[in-house]
Amino acid sequence: MTKNMWMVRAGESAYLIDDFKKKNYVAIGWNRIKDASKIKDREEVKQLIREKYSENKKHQNIVSAGQFSRFLFEFKKGDYVLSYDPDNREYLIGELIGDYEYDTNQREYHHGRKVKWLGKVSRDKLSTSTRNTLGAISTIFEINDVAQKEIISVLEGKKEIEDEVQEETEVETLKEDMESQAHELIKDKVIKLDWEDMEKLVAGILRAMGYRTYITERGADRGRDIEASKDGLMLEEPRILVEVKHRSGQMGTKEVDRFQNILKGRKGIYVSTGGFSKESRYVAERSTEQLTLIDADRLVKLIVEFYDDFDVETKLSVPLSKIYWPT
């Protein structure tokens, strides 16, 4: 029977890794929960987490209950376990030899299991894909079969050195995956904005691009939600009219045609978070006016491109953090 392999992190910044190593155990926190040996099922774990950590957000307690339950019910004697030592860039690999134990005297984390340590594996000897698998931030997670096989192979000194080209390909693939996920997460935030905040966001993007903006009063825009120009008075070219539609469903030819008819030599931007029909894009491409259509995906790209130049108010509407990636 195939053994499972589990990651158990040794506290924040792995500050308990030496204790794990010397005393031959792995453990988890959640110390407000007392002896869990009599807990019958996951529902009881969920209830205890909600009661003992009521100050936490709902999703935090759901994740905590899942991890605590795994440690309690899914870890089995004979399973592999590993924990990361960031100072030495190596994984401590072991085998679980004990059932769940509750100990408040010998361990800072009270919920633990005894381990027979088998050895160490340098992170630098693992493939990019396996290093990425082990990079999850959860306290506890299961290692997939491919990564497990490689880790054991390296531990036993059997793994061949991976081709550098393959390493680079895996890194690039991971980068593309993360960029795609980030794009969708940003889009989720944008879609959740109300119509007023959406108009402010679009105006903020234009200001980051060097324009001054004026948001028209609701109900009196006659097909324009934002006016933009270099001087802010619509006297200096380019003079831009912006229509913002923040709703589900695509804009059709009727809406796009109506907007282009009010431009009269001015440049137009039509923003629709619901997108545009194929026919409406055809109308815009062949318009005699200078008209640009912006859907949710293009809006996200503009946010990312000009975010550093956003004013404080605009950044607060879609708060983002910058992530640096090795090149």
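Please treat every number below as a calculation from the coordinates, not as lab data. Here the structure is a predicted model, which is why all the values come from computation and not from measurement. All Cβ positions, even for glycine, are placed from backbone atoms using ideal geometry, and neighbour counts span all protein chains on display.
Computed over the chain with a Gaussian network model linking Cα atoms closer than 10 Å, the most mobile of Glu176, Glu217, Glu184 is Glu217.
Pairs exceeding 19 Å between alpha-carbon atoms, taken from Lys58/Lys322; Lys34/Lys58; Lys245/Lys267: Lys58/Lys322; Lys34/Lys58. Contact order, relative form, for the chain: 13 percent (alpha carbon pairs under 8 Å, 6 or more residues apart, mean separation divided by residue count). Which aspartates and glutamates, on any chain, are close to Lys264 with Cα under 18 Å apart, when same-chain ones fewer than 8 places away are left out? Straight-line reach from Lys264, under 18 Å: Asp221, Asp225, Glu227, Glu236, Glu237, Glu243, Glu255, Glu285, Glu289. Taking a label point 7 Å from the Cα of Asp18 along the Cα→Cβ vector, which residues of segment 75-99 have an amide N closer than 19 Å to it? Backbone N within reach: 83-93. Relative contact order, percent, of segment 193-317 when contacts are C-alpha pairs under 8 Å separated by at least 6 residues? Normalised by residue count, the contact order of segment 193-317 is 24 percent.
With respect to the chain, whose longest principal axis is taken over its alpha-carbon atoms, helix 296-306 is tilted by about 80°. Length available on full extension from Ser287 to Glu184: 0.36 nm per residue minus the Cα-Cα distance, which gives 34.0 nm. Counting only lysines at least 8 places from Lys77 when in the same chain, those with an alpha carbon closer than 16 Å to its own are Lys3, Lys114, Lys116.
Here the average projected area of the convex hull drawn through the C-alpha atoms of segment 193-317 stands at 7.3 nm².
Against the compact-protein benchmark of 2.2 N^0.38 Å, the Cα-based radius of gyration of the chain scales to 1.40. Cross-link partners of Lys52 among aspartates and glutamates, defined as those whose alpha carbon lies under 16 angstrom from its own and excluding same-chain residues fewer than eight positions apart: Asp35, Glu43, Glu44.
From most to least packed by mean Cβ count within 10 Å, the peptides 23-35, 188-200, 311-323 give 23-35, 188-200, 311-323. Computed from Cα atoms, the angle from the helix 164-192 axis to the main principal axis of the chain rounds to 60 degrees. Helix 145-155 and the long axis of the chain differ in direction by around 50°, with both axes built from C-alpha atoms.
Applying 1/(1 + (r/R0)^6) with r as the Cβ-Cβ distance of Tyr324 and Lys38 and R0 = 51 angstrom yields a FRET efficiency of 0.60.
Comparing Cα centroids, segment 165-219 and segment 234-252 end up 17 angstrom apart. Computed from the Cβ-Cβ distance with R0 of 56 Å, the FRET efficiency linking Asp124 to Ser248 stands at 0.70.
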